[in-house]
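Peer 1: My questions all concern the structure below.
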Amino acid sequence: MTDIQYVAPSTLDEAVGAYAAAKGAARILAGGTDLLVQMRAGMVKPGLIVDIKKVAELSAIEKTPEGGFRIGAAVSGAVLEEHPTFGKVWPGVLEGLNLIGSTQVQGRASAGGNLCNGSPAADSIPGLVAAGAIATVQGPNGRRNIPVEQVPTGPGKTSLAPGEILVSFTLPPRPAHSSDAYLRMIPRTEMDIAVVGCAVSLTMDGDTCTAARVSLGAVAPTVLLVEDAAKALVLTKLDDASLDKAAAACSAACNPIDDKRGTIAYRTKVAGVLLKRTTAIAAERAKGG
Amino acid sequence: MDSVVEDNQLGMMKYGIGQPVTRSEDPKLLRGEGNYTDDVNLDGQAYGVMVRSPYAHGTLNGIDTAEASTAPGVIAILTGADLDAAGLGTMKCGLPLKGRDGSPINYVPRPALATDKVRYVGDPVAIVIAETATQARDAAELVELDIDPLPAVTDARAAAEAGAPQLYDSVSGNTAIDFQYGDTAKVDTAFKEASHQTRLNIRNNRIVVSAMEPRSAVGSFDAASEGYTLNVGCQGVFGMMNTLAKQVFNIEPEKMHVVTGNVGGSFGMKAGAYPEYICVLHAAKVLGRPVKWTDDRSGSFLSDCHGRDHDMTAELALDADGKFTALRITGYGNVGAFLTAVSPMMPTMNTLKNANSVYRLPLIEVASKAVFTNTTPVTAYRGAGRPEANYYMERLIETAAREMGIDAIELRRRNQILPSEIPYAAANGMNYDSGDFPTIMQKAVEASDWDGFAARKAESEKRGKLRGRGVGCYLEVTAPVQEEMGGIRFEENGDVTIITGTLDYGQGHWTPFAQVLHQKLGVPFERIRLIQGDSAELIAGGGTGGSKSIMASGAAILEASDIVIDKGKKIAAHVFETAVEDIVFEGGAFQVAGTDRTVTVTELAEQLRGGLDLPEDLPRDLSVKHIFDAAPSAFPNGCHVCELEVDPDTGVVEIDRYNMVNDFGTVVNPLLVEGQAHGGIVQGLGQALMENAVYDSEGQLQTGSYMDYAVPRASDVPSFTFATHAVPATTNPLGAKGCGEAGCAGSLPSIMNALVDALAPLGVKHIDMPATPEKVWAAIQSAKAA
Ligand SMILES: Cc1cc2nc3c(=O)[nH]c(=O)nc-3n(C[C@H](O)[C@H](O)[C@H](O)COP(=O)(O)OP(=O)(O)OC[C@H]3O[C@@H](n4cnc5c(N)ncnc54)[C@H](O)[C@@H]3O)c2cc1C
């Protein structure tokens, strides 16, 4: 077994420098709930571990000047849960992040790690995609901002360039009567992890939905933004016909990988079912808020 | 019959029989101070890791250990050839079971390491021993196996067909036994004359046992005494000692010392000898130092015996009144690649013994084959044929009731054996000695708020859910008690040690055994210790299995106590200078009848330790080593009622209400008995709704980790309502009936009957286990399409 170096820099520049210098032999460590498991299983064997939790910007939760939120990539679900207002504005984002694992895992697991690990079933990502969150990335060539849905490119793969570190998520300011929700379906059975995750973010004007974003997890090689589903909801009263249309759009967007046991038909159908249920919760919350 | 149970102090003593005493071992276990096998570390110990076949079937041409043996830390690599050269024997199946033509079980005894062929993925071919476990693991990956893969067969029905790949040259049709019981002609006639026949093809899915503690073993050898010691988790050290000594090592049993500390679950799986144990023992001798092996979870999935895996056709014949006239079960049991000591029993004799259940049944036929396949060996798993057979019967009854338009409770009532018909000689050869089946069902029905179901169903419907209700009556035939030791030793420090050859692998034997002794002899509960896991202490021991421990050890303790009392009377008579006939034993004390002169057992033991001046012919102490002879099977029975909701859009099943009434005979400790019922139900729920070991066509286990194999969690079950309606057994001194496996026997049918009940309005007639959300959803879709 080769030795593993460990560094925990306190500035982003140092972190990027060390990470880029190692040229692919390094791994970023946030909560470690994926990384350490993968190392123990022998799936990854990094020569250098760059722990980013000491970098202030990556562990901060801030309000943006525009009135949105900026969350450091390494913020754990448990820390975000304790924030006085975040969960009131983005209950769906928070519930996605805090569906991960168990209490112990939530004390460590970050949305940044969840995104960079690249699982199509990552639970916190549909919520961020539905929220319209922007990922800020920094590498040897500087900083750039990209929509969250453009980060994952396939199972275990991201669009981050070599040496790039995910810095934060920026969530836009929220109009009145807006809210979101996340539901996942994990029939605990043989041959299946998460079957479908669905996030819906809505703005309501009375009974009318004026804005919507819909995202699905676990039904395709990456988390999906389902624009057709959102379109089916906007400027409706979320009546059965509109919900059916949105559900059909979700089913149509599904491109699940595995059909060994007929899971395609099942996942596709359940995606639509979850869309309806998630929309109902989000609408309820939006009207209340 | 002993009077201990009817004693008027029953239920009044804090630690007496019938009290819900908490488990004596728990404080230690909860603090992490238990002593499991992997906690055992011996001076100078080396570590073994198994090299396993990556193929399900193949010819083993050679094993190249050259590179591995030069890897860092490697001490030795042993293969099957080394074990052969050392003259080690094989593991055998000595069951007296006979096939339909009278022939014995056909099989090839198993060597610890494969030499000619590999027969399942995980079949061990070598052990690598190194200074550390990590070094052994790294080196094991360097062992090169030269295997020519052969076509594999993993399904029992397919394996029995002509043209299937053959696992053994000498076993034709892969059939270990072709079992048949019953008068085929009469049964045929009964079916022809029946006014209604119900027929179901039922899969009993394969289970990965998932004991919380993986298997582990430490072997050591003392050159001076030529004695082996094996530290291992098992279900009985006496049996393990005999198997290893007599079958494999060809030595006197005394030279094979088997020691078991705490065991984190077994369910049948850890009962037998495994290749790894033989390897570490032999390696310890060869290397002159102890060798330890501990499985990891991925290894457990492949190397621990699996459970169940039967494929049966169950048929019930009924007359116009709905009276059962014949039951027929035919099909296949998958035993995997090798037989264990008991594995042919489950699909054959145990299915026969238990299918009869609580019903009046004139005719029964069971005709089934135990078949070899290229899969992990299958062995007894919680119930070992009992839950399977009760499941077939209850699914048949529920289906027949629906087909005939008779209420399912009413149909059961018409066929249940009445108390007035007991003793009842069942068609399968069992003799029921006790029981009140109709009352138990009635009580369970009432406890479940039977009449409130319609309202609950309507309320579920409003929420878009389908509600169903199912009944599972069951009767289990427990394993008969063979010889069991009842040892009682009065220790120097005042403790009283029970020594018995059953073995606690999580059930909590210490407490109920101590309750029996405490009530019988009056010795303080807190001073009672228990030894089970040390073969050097035992003069007999049947181990634990088949729900018999309280009957075996309980009876042995009672009989041994009688001997203590006899001895004590003689000594007390001397102390009180009176005749033995004048001494009575009551409330834990010897008394000169009609006087206030008494001495308790504890006091007398203390006086003996202090040194009593006793005549030659009197015993010097109160300690006893006794062997309880035998007791026949008991018949625990009961009725479970499950109510559940199905989400038709996702197929998710949620258990909502669960009631049961059980007859476990005399209950020594209701707290532990209820816990056993809970655990059994949840284990049954796992099989019913989630668990399934799946092989692909090449024999690779696709469900090789908990990512792909689901076991139930606490959140998957509601609170259970538990009640007892006890009719003590007449066939053992305690009157106990055994409760360890009953939860599974009741829960499989009650859950699956409830599920089919929920879906019946849509046209669903049967769903095989596990009823995963996707399967339920698919059943709904195809019922809709039809
Ligand atoms: C018991 C258990 C249960 C789990 N359950 C769930 C579940 O229900 N749902 C679910 O979605 N996941 C689950 N997970 C997976 C895991 O917890 C999540 O993916 C978690 O969000 C990962 O976050 P982390 O901070 O621990 O990431 P880490 O393990 O630290 O990192 C994950 C990966 O991302 C990279 N990385 C991390 N941060 C950055 C960054 N800022 N920039 C660039 N690369 C980065 C790392 O190098 C690594 O490759 C579970 C894990 C465990 C152990």
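The values are calculated or read from the model by the stated rules, or taken from the named source; none is laboratory data. As the structure is a computational prediction, the values presented were derived from the model and not from experiment. Note that we place each Cβ from the backbone using ideal geometry, even for glycine, and neighbour counts take in every protein chain shown. Side chains are part of the model used for accessible areas, which takes the heavy atoms of the whole protein and leaves out ligands, DNA and RNA. Shrake-Rupley method; radii C 1.70, N 1.55, O 1.52, S 1.80 Å.
Peer 1: Would a scan of the stretch B:594-606 turn up a residue that is of a type in the set (A, V, I, L, M) and at pLDDT below 95?
Peer 2: In the first step, residues of the stretch B:594-606 are kept if they are of a type in the set (A, V, I, L, M); the result is B:599, B:601, B:604-605.
From what's left, at pLDDT below 95: none.
No, every residue in the stretch B:594-606 fails to be of a type in the set (A, V, I, L, M) and at pLDDT below 95.
Peer 1: Give B:ASN692, B:ASN732, B:ASN669, B:ASN753 a once-over and let me know the one that is crowded, with 24+ Cβ neighbours inside 10 Å and out of contact with any strand residue (DSSP E or B) (no Cβ under 8 Å at 6 or more places or on another chain). Break it down into steps so the answer makes sense when it comes.
Peer 2: Details: B:ASN692 fails: out of contact with any strand residue (DSSP E or B) (no Cβ under 8 Å at 6 or more places or on another chain); B:ASN732 fails: out of contact with any strand residue (DSSP E or B) (no Cβ under 8 Å at 6 or more places or on another chain); B:ASN753 fails: out of contact with any strand residue (DSSP E or B) (no Cβ under 8 Å at 6 or more places or on another chain).
Of B:ASN692, B:ASN732, B:ASN669, B:ASN753, the one residue that is crowded, with 24+ Cβ neighbours inside 10 Å and out of contact with any strand residue (DSSP E or B) (no Cβ under 8 Å at 6 or more places or on another chain) is B:ASN669.
Peer 1: Let me confirm something: among A:PRO162, A:PRO173, which residue is assigned to a loop (DSSP other than H, G, I, E, B), more than 14 Å from chain B (Cβ to nearest Cβ), within 12 Å of the ligand (Cβ to nearest atom) and touching a residue at least 12 places away in the same chain (Cβ under 8 Å)? Give the derivation first.
Peer 2: Values: A:PRO173 fails: within 12 Å of the ligand (Cβ to nearest atom).
Going through A:PRO162, A:PRO173 in turn, just one is assigned to a loop (DSSP other than H, G, I, E, B), more than 14 Å from chain B (Cβ to nearest Cβ), within 12 Å of the ligand (Cβ to nearest atom) and touching a residue at least 12 places away in the same chain (Cβ under 8 Å): A:PRO162.
Peer 1: I've got another one for you. Could you tell me how many of the residues in the stretch A:100-120 are more than 6 Å from the ligand (Cβ to nearest atom) and either in a helix (DSSP H, G or I) or surrounded by fewer than 19 Cβ atoms within 10 Å (Cβ to Cβ) (or both)?
Peer 2: 7
Peer 1: Give me the residue from the stretch A:121-132 that is closer than 16 Å to A:PHE86 by Cβ and either within 8 Å of the chain's Cα centre (by Cα) or within 14 Å of another protein chain (Cβ to nearest Cβ) (or both) and, out of that set, nearest to the ligand (Cβ to nearest atom). If you could, list the steps in order and put the result at the bottom.
Peer 2: Residues of the stretch A:121-132 closer than 16 Å to A:PHE86 by Cβ: A:124, A:127-128, A:130-132.
With either within 8 Å of the chain's Cα centre (by Cα) or within 14 Å of another protein chain (Cβ to nearest Cβ) (or both) added as a condition, the list becomes A:124, A:127-128.
Numbers: A:SER124: 6, A:GLY127: 11, A:LEU128: 12 Å.
Among them, the one singled out is A:SER124.
Peer 1: I would also like to ask the following. Testing B:VAL652 on (1) in contact with a helix residue (DSSP H, G or I) (Cβ under 9 Å, 6 or more places away or on another chain); (2) under 22 Å from B:TYR381 (Cβ atoms), one condition comes back false. Which one is that?
Peer 2: (2)
Peer 1: Of these, B:VAL259, B:VAL291, B:VAL280, B:VAL286, which one is in contact with a helix residue (DSSP H, G or I) (Cβ under 6 Å, 6 or more places away or on another chain), under 23 Å from B:ALA224 (Cα atoms) and in the same structural domain as B:VAL49 (by TED's automatic domain parsing)?
Peer 2: Working: B:VAL259 fails: in contact with a helix residue (DSSP H, G or I) (Cβ under 6 Å, 6 or more places away or on another chain); B:VAL280 fails: in contact with a helix residue (DSSP H, G or I) (Cβ under 6 Å, 6 or more places away or on another chain); B:VAL286 fails: in contact with a helix residue (DSSP H, G or I) (Cβ under 6 Å, 6 or more places away or on another chain).
Answer to the check: B:VAL291.
Peer 1: Provide a single number: the residues in the stretch B:17-41 that are closer than 21 Å to B:GLN515 by Cβ, acidic (Asp, Glu) and not in a loop (DSSP other than H, G, I, E, B).
Peer 2: Number of matching residues: 1.
Peer 1: Cβ contacts < 6 Å: first residue without any contact (Cβ under 8 Å) to a residue 40 or more places away in the chain and of a type in the set (Lys, Arg), restricted to the stretch A:21-47; second residue more than 6 Å from the ligand (Cβ to nearest atom) and in a strand (DSSP E or B), any location; separation 6+ or different chain. Result?
Peer 2: Qualifying pairs under 6 Å: A:ARG27/A:ILE49.
Peer 1: Then there is this: Just to be sure before I move on: is B:THR59 of a type in the set (S, T, N, Q) and part of a strand (DSSP E or B) in the structure I sent?
Peer 2: Working: of a type in the set (S, T, N, Q): yes; part of a strand (DSSP E or B): yes.
When the stated conditions are applied, B:THR59 passes them.
Peer 1: Which residue out of B:THR703, B:THR721 is open to solvent by less than 30 Å² (accessible area, probe 1.4 Å) and not in a helix (DSSP H, G or I)? I'd like the intermediate steps shown before the answer.
Peer 2: Working: B:THR721 fails: open to solvent by less than 30 Å² (accessible area, probe 1.4 Å).
Selected residue: B:THR703, the only one of B:THR703, B:THR721 that is open to solvent by less than 30 Å² (accessible area, probe 1.4 Å) and not in a helix (DSSP H, G or I).
Peer 1: May I ask you to say which residue of A:GLU66, A:GLU95 is open to solvent by 40 Å² or more (accessible area, probe 1.4 Å), part of a helix (DSSP H, G or I), more than 10 Å from the ligand (Cβ to nearest atom) and more than 14 Å from chain B (Cβ to nearest Cβ)?
Peer 2: Numbers: A:GLU66 fails: part of a helix (DSSP H, G or I).
Matching residue, one of A:GLU66, A:GLU95: A:GLU95.
Peer 1: Follow-up. Of everything in the stretch B:359-409 that's in contact with a strand residue (DSSP E or B) (Cβ under 8 Å, 6 or more places away or on another chain) and of a type in the set (Lys, Arg), which residue is surrounded by the most Cβ atoms within 10 Å (Cβ to Cβ)?
Peer 2: B:ARG386
For every residue, the table says whether it meets (1) more than 20 Å from B:VAL40 (Cα to Cα); (2) part of a helix (DSSP H, G or I); (3) at pLDDT below 95; (4) of a type in the set (S, T, N, Q).
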position	(1), (2), (3), (4)
B:SER225	yes, no, no, yes
B:LEU230	no, no, no, no
B:THR243	yes, yes, no, yes
B:GLY265	no, no, no, no
B:CYS279	no, yes, no, no
B:LYS292	no, no, no, no
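Peer 1: From the list B:ASP116, B:ASP123, B:ASP183, exactly one residue is open to solvent by 30 Å² or more (accessible area, probe 1.4 Å) and closer than 24 Å to B:ALA81 by Cβ. Which is it?
Peer 2: B:ASP116
Peer 1: Give the number of residues within the stretch A:27-62 that are open to solvent by less than 30 Å² (accessible area, probe 1.4 Å), part of a strand (DSSP E or B) and near the ligand (Cβ under 10 Å from one of its atoms).
Peer 2: 4
Peer 1: While we're on this one: Any residue in the stretch B:129-148 that's modelled with pLDDT of 95 or more: show its pairings with residues that are part of a helix (DSSP H, G or I) and not aliphatic (A, V, I, L, M) at Cβ separation under 7 Å, as long as the two are six or more apart or on different chains.
Peer 2: Going by the 7 Å Cβ cut-off, the qualifying pairs are B:LEU142/B:GLU67.
Peer 1: Continuing with the same structure: Only one of these is buried (at least 16 other Cβ atoms within 10 Å of the Cβ) and either under 24 Å from A:VAL89 (Cα atoms) or at pLDDT 95 or above (or both): A:LEU235, A:LEU243. Name it. Quick ask: steps written out before the conclusion?
Peer 2: Working: A:LEU235 fails: buried (at least 16 other Cβ atoms within 10 Å of the Cβ).
Just one listed residue meets the conditions, A:LEU243.
Peer 1: How about the stretch B:42-56: which of its residues are among the aliphatic types (A, V, I, L, M), assigned to a loop (DSSP other than H, G, I, E, B) and open to solvent by 10 Å² or more (accessible area, probe 1.4 Å)? Explain how you work it out, then say what you get.
Peer 2: Restricting attention to the stretch B:42-56, the residues satisfying the condition of being among the aliphatic types (A, V, I, L, M) are B:42, B:46, B:49-51, B:56.
Going one step further and asking which of them are assigned to a loop (DSSP other than H, G, I, E, B), we end up with B:42, B:56.
Across the stretch B:42-56, the qualifying residue is only B:LEU42.
Peer 1: Can you tell me which residue in the stretch A:69-92 is farthest from the ligand (Cβ to nearest atom), limited to those that are over 19 Å from A:ASP180 (Cβ atoms) and outside any helix (DSSP H, G or I)? Explain how you work it out, then say what you get.
Peer 2: Filtering the stretch A:69-92 for residues over 19 Å from A:ASP180 (Cβ atoms) gives A:72-74, A:76, A:78-79, A:82.
Of the ones still in play, those that are also outside any helix (DSSP H, G or I) are A:72-74, A:76.
Working: A:GLY72: 9, A:ALA73: 4, A:ALA74: 6, A:SER76: 7 Å.
Once the filter is applied, the top-ranked residue is A:GLY72.
Peer 1: Of the numbered conditions (1) open to solvent by 60 Å² or more (accessible area, probe 1.4 Å); (2) in the same structural domain as B:ALA758 (by TED's automatic domain parsing); (3) touching a Leu at 6+ places or on another chain (Cβ under 6 Å), B:VAL653 fails exactly one; give the number of that condition.
Peer 2: (1)
Peer 1: I need the strands (runs of 3 or more DSSP E) fully contained in the stretch B:462-577, keeping only those with at least 1 residues that are touching a Cys at 6+ places or on another chain (Cβ under 9 Å).
Peer 2: Numbers: elements: B:466-475, B:484-490, B:496-499, B:528-531.
Hits in the stretch B:462-577: B:466-475.
Peer 1: Something else: Looking only at residues in the stretch B:758-775 that are facing chain A (nearest Cβ under 9 Å) and open to solvent by less than 20 Å² (accessible area, probe 1.4 Å), which one is farthest from B:ARG456 (Cα to Cα)? First the steps, then the outcome.
Peer 2: Looking only at the stretch B:758-775, we keep the residues that are facing chain A (nearest Cβ under 9 Å), and these are B:770, B:772-775.
Adding the requirement that they be open to solvent by less than 20 Å² (accessible area, probe 1.4 Å) leaves B:770, B:772-773.
Details: B:PRO770: 25, B:THR772: 24, B:PRO773: 22 Å.
Only one residue fits best here, namely B:PRO770.
Peer 1: What is the residue count in the stretch B:671-718 for residues that are more than 11 Å from every other protein chain (Cβ to nearest Cβ), closer than 30 Å to B:LYS443 by Cβ and at pLDDT 95 or above?
Peer 2: Counting residues in the stretch B:671-718 that are more than 11 Å from every other protein chain (Cβ to nearest Cβ), closer than 30 Å to B:LYS443 by Cβ and at pLDDT 95 or above gives 17.
Peer 1: Follow-up. Among the listed residues B:VAL682, B:VAL661, which satisfies the condition of being over 19 Å from the mean Cα position of the chain (by Cα) and open to solvent by less than 40 Å² (accessible area, probe 1.4 Å)? Don't jump to the end; show me each part of the working.
Peer 2: On the way: B:VAL682 fails: over 19 Å from the mean Cα position of the chain (by Cα).
Of the residues listed, the single one that is over 19 Å from the mean Cα position of the chain (by Cα) and open to solvent by less than 40 Å² (accessible area, probe 1.4 Å) is B:VAL661.
Peer 1: While we're here: Just the residues that are closer than 25 Å to A:LEU171 by Cβ and in a helix (DSSP H, G or I), please, taken from the stretch A:210-248.
Peer 2: Hits for the stretch A:210-248 are A:GLU227, A:ASP228, A:ALA229, A:ALA230, A:LYS231, A:ALA232, A:LEU233, A:ALA246.
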